[in-house]
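Novice: Quick one: the structure is below, and I'll ask about it shortly.
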Amino acid sequence: MKSDSLGQMILTGVPGKELDGETEKLFRRVEPGGFILFARNIESPAQLRKLIDNLRGLSKIEPIITIDQEGGRVSRLRLIGNEPPNAQQLRDKNDVDLVRRHADITGRLLRLFGFNLDLCPVLDISFDDDADNSLRGRCYGKTVEQVVRMAGAFNEAMRKQGIASCGKHFPGYSAATRDAHHELPKINRTREELDREELAVFRRFTDGNGSPSLPMNSVDSMMTCHGWYPVFESKKTPATLSHRIVTGLLRREFGFDGLIMTDDLDMGAILNEYGLEETIRLAIAAGNDLAVICHRIPEIEQVYKILGNLPRDQIRRALASVARFKKKLAPPHEFSEAAFHKIDNEIWDLRVAVLGAKRAAIRSPEDGKRSPVEMY
């Protein structure tokens with residue numbers, strides 16, 4: 001096992017809008033498997049493409065370059081362009097063709113900047129559109145079939161544009177009444193309830209054998225969530241760190257063979273409960289392939305060292321999964337400002353089609369109530 005490949009198990013944030021000398025040296029030493037960008041990394045179209053080109057140039061192995069570009073308030077690229085409609089607005093319109101159009105635009109927009117993975121679609125069902133659990137506006141449906149139909153259309157159309165997808169938040173964050181950005185929510189659902197609703201959705205996205213109307217319904221990767229499910233773990237344990245959930249349920253029972261990553265390990269649900277070494281050990285032992293560190297970026301050097309002390313079989317399993325995933329990554333499209341503005345105009349036209357001209361001119365109503373999910 002080459003020690004210099006251990007960084008492939010890390011998905012890290014980036015500090016700013018350009019690479020400073022110290023960060024560049026850190027990334028060259030660790031060679032992370034991927035990078036996730038946030039609002040703090042985005043200033044202009046040309047600047048963003050340059051940053052991504054520089055990140056790609058740091059690694060001998062092609063890195064994952066990802067972002068949360070869902071729609072609505074969870075659209076990092078709205079900082080430099082129009083804000084796409086969110087999942088709930090598309091759901092309310094009840095037009096699958098508009099969802100496909102949104103996904104097609106999103107795929108082309110991301111390829112233009114050099115991204116190769118979008119952290120969506122959200123596969124959670126909305127039990128309460130006003131719940132204070134970070135899902136407001138982000139759910140494609142209130143029923144299993146509605147989520148499968150809408151999220152499936154998005155997943156298929158975006159993947160056709162060469163952008164890999166990520167289903168979240170496994171095994172289903174829908175019943176959370178608290179925001180995992182701040183604390184670990186306890187999700188009191190029976191196995192029967194989960195099988196009937198949340199897990200019924202995820203099952204449809206874990207292989208290619210679902211509905212005939214969704215020929216590409218499998219997601220390329222899955223994100224595990226920071227929720228405690230007593231039905232699986234009697235001791236207070238986030239799903240992210242649960243072997244029963246990640247390996248037992250997702251890998252073995254559901255047969256998912258794509259990439260599995262944690263949600264951000266810098267969220268309160270994890271930071272309030274575990275130290276860094278315990279977090280990484282438990283996350284990889286649970287069956288995750290990528291440990292996601294969005295904000296404690298200098299700590300990735302310590303994470304690298306922790307990974308080096310893990311059991312060899314866990315390392316081999318994770319590295320093999322990352323390598324399989326990377327074989328499918330598509331290269332960027334050629335960048336130009338004109339190409340960006342053309343796609344940005346398409347986003348505006350989509351907003352008008354979904355919201356109407358008057359409402360399209362108004363930014364997300366959530367702007368006045370910023371939460372951690374869109375602040376960084």
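Novice: Quick one: what Rg and Dmax do you get for region 139-296 from the alpha carbons, in Å?
Specialist: My reading of the Cα-based Rg and Dmax gives 15.1, 45 Å.
Novice: On the accessible surface of region 142-181, probed at 1.4 Å, how many percent belong to carbon and sulfur atoms? Please list the in-between numbers first.
Specialist: Details: 500 of 1130 Å².
In region 142-181, the share of accessible area belonging to carbon and sulfur is 44 percent.
Novice: Going Cα to Cα from residue 358, which aspartates and glutamates come in below 14 Å? Please leave out same-chain ones fewer than 8 positions away.
Specialist: Filter leaves 349.
Novice: I would also like to ask the following. Rounded to the nearest whole Å², what accessible area per residue is found for region 139-194 with the 1.4 Å probe? The partial results should precede the final answer.
Specialist: On the way: 1900 Å² over 56 residues.
Normalised by residue count, the accessible surface of region 139-194 is 34 Å².
Novice: While we're on this one: Taking Cα centroids, how far is region 224-272 from region 300-364 in Å?
Specialist: 22
Novice: Which of the trypsin sites (Lys or Arg not before Pro) across region 261-353 are loop residues per DSSP, with 11 or fewer other Cβ within 10 Å?
Specialist: Details: sites: 281, 296, 305, 312, 316, 317, 324, 326, 327, 328, 342, 351; in loops: 296, 327, 328.
Listed in order of number, the matching sites are 327.
Novice: What pairs from 93/168; 160/186; 17/236 go past 27 Å between their alpha carbons? Show your work: numbers first, answer last.
Specialist: Working: 93/168 22 Å; 160/186 37 Å; 17/236 38 Å.
Where the Cα-Cα span goes over 27 Å, the pairs concerned are 160/186; 17/236.
Novice: If I model region 1-147 as equal point scatterers sitting on the Cα atoms and use the Debye formula, what is log10 I(q)/I(0) at q = 0.10, 0.11 Å⁻¹?
Specialist: Cα-only, vacuum Debye calculation for region 1-147: -0.41, -0.49.
Novice: Could I ask something else about it? Based on Cα coordinates alone, diagonalise the gyration tensor for region 275-339, multiply each eigenvalue by 5, take square roots, and list the semi-axes in whole Å, largest first.
Specialist: On the way: eigenvalues 171, 60, 15 Å².
Here the semi-axes work out to 29, 17, 9 Å.
Novice: State the percentage of accessible surface on region 25-111 attributable to carbon and sulfur atoms; use a 1.4 Å probe and exclude ligands, DNA and RNA.
Specialist: Values: 1230 of 2790 Å².
C and S fraction of accessible area: 44 percent.
Novice: Another question about this same structure. Need one number: nm distance between label points at residue 310 and residue 97, each 7 Å from Cα along Cα→Cβ, rounded to one decimal.
Specialist: Each label point lies 7 Å from its Cα, and together they span 4.7 nm.
Novice: For the pair residue 47 and residue 333, how long in nm is the line joining their label points, each one 7 Å along Cα→Cβ?
Specialist: Result for the modelled spin labels: 2.3 nm.
Novice: Find the accessible area per residue for region 295-349; the probe is 1.4 Å, ligands and nucleic acids are left out, and the unit is Å².
Specialist: Details: 3090 Å² over 55 residues.
Per-residue value: 56 Å².
Novice: When a/c is below 1.5 the answer is rounded, else prolate if a/b is larger than b/c, else oblate, so apply that to region 69-179 with a ≥ b ≥ c taken from the square roots of the Cα gyration tensor eigenvalues.
Specialist: Numbers: a/c = 1.67, a/b = 1.46, b/c = 1.14.
Prolate, because a/c is 1.5 or more and a/b exceeds b/c.
Novice: Now for a separate question. Once you have the alpha carbon radius of gyration of the chain, what is it after dividing by 2.2 N^0.38 Å, with N set to its residue count? Working shown, then result.
Specialist: Details: Rg = 19.2 Å, N = 376, 2.2 N^0.38 = 20.9 Å.
Dividing the Cα Rg of the chain by 2.2 N^0.38 Å gives 0.92.
Novice: Based on DSSP H runs of at least 4 residues, each adding -39500 (n - 2.57), what is the mean residue ellipticity at 222 nm of the chain after dividing by all its residues, to the nearest 500 deg cm²/dmol?
Specialist: Computed ellipticity for the chain at 222 nm equals -11500 deg cm²/dmol.
Novice: Would you please give the FRET efficiency between residue 129 and residue 233, computed as 1/(1 + (r/R0)^6) with r the Cβ-Cβ distance and R0 = 30 Å, to the nearest 0.05?
Specialist: On the way: r = 29 Å, r/R0 = 0.95.
The formula returns an efficiency of 0.60 here.
Novice: Separate question: Excluding residues fewer than 8 places away in the same chain, name every one of the lysines whose C-alpha is closer than 19 Å to that of residue 305.
Specialist: Candidates past the 8-residue exclusion: 2, 25.
The values are calculated or read from the model by the stated rules, or taken from the named source; none is laboratory data. Owing to the predicted nature of the structure, the values given are computational and were not obtained by experimental measurement. Neighbour counts are summed over all protein chains in view; Cβ atoms, including those assigned to glycine, are modelled from backbone coordinates with ideal geometry. The protein model used for the area step is the full one, side chains on, heavy atoms only, and it has no ligands, DNA or RNA in it. Shrake-Rupley method; radii C 1.70, N 1.55, O 1.52, S 1.80 Å.
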